[in-house]
1. Using every Cα-Cα pair within the stretch 42-142, state what percent have a distance larger than 18 Å.
2. Order the following by accessible area, largest value first: T85, T59. Probe radius 1.4 Å; ligands, DNA and RNA are ignored.
3. How much accessible area per residue does the stretch 79-142 have, counting only protein heavy atoms and a probe of 1.4 Å, in square angstrom?
4. What is the antiparallel percent of DSSP beta bridges lying wholly in the stretch 38-142, to the nearest 5?
5. Name the long-range amide H neighbours of L116: under 5 Å, sequence gap of 5 or more, or other chain; modelled H, no Pro or chain starts.
Amino acid sequence: TTSGQDTLKLYYPDDQVYAVIGVGAASGTASIGGASGSTVNAAVVLTSPVAKLDNEVNTATLASDLILVGGPCANSLVAQLAADTASGVPACDSWTLTTGLIKEVSNAFGSGRKALVVAGTTATDTRSLAAMVMSGTLDYMV
């Protein structure tokens, strides 16, 4: 309706599982009201790649935190972290985990940045662990 130009009402069916809705300019803000609504404080425009291969990351000039996917046998950055026993990430030759780990490493590569390692024993385990991270799990080791 035009009676409330600062209000937008959205309806969705009861069987709706997931929706991403953006309203307004990319640099604007939006509020979604109601009992189960939430507020977006600012939109963030991604201007650079957010996913890179391990050999595309320069650890000497890290400007942000990292999420490292894959274990020390598959990901050279995880292998570097595992070389520092204080990181809590087991090295490839001493990997005894049956499923894998989700582990936050502070001051990764001496950069002052954090790295979240998501490393499964198998590719299937890694996918399962990644799903756990997406649902909020930030520490796991089995």
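1. Pairs farther apart than 18 Å: 45 percent.
2. From most exposed to least exposed: T85, T59.
3. Accessible area per residue: 56 Å².
4. Antiparallel bridges: around 70 percent, rounded to the nearest 5.
5. Those qualifying (amide H under 5 Å, at least 5 residues apart or on another chain) are L66, I67, L68, V105.
The values are calculated or read from the model by the stated rules, or taken from the named source; none is laboratory data. Keep in mind that what you see is a predicted model, and the values were worked out from it rather than measured. Just the protein is used for accessible areas: all its heavy atoms, side chains included, with ligands, DNA and RNA removed. Shrake-Rupley method; radii C 1.70, N 1.55, O 1.52, S 1.80 Å.
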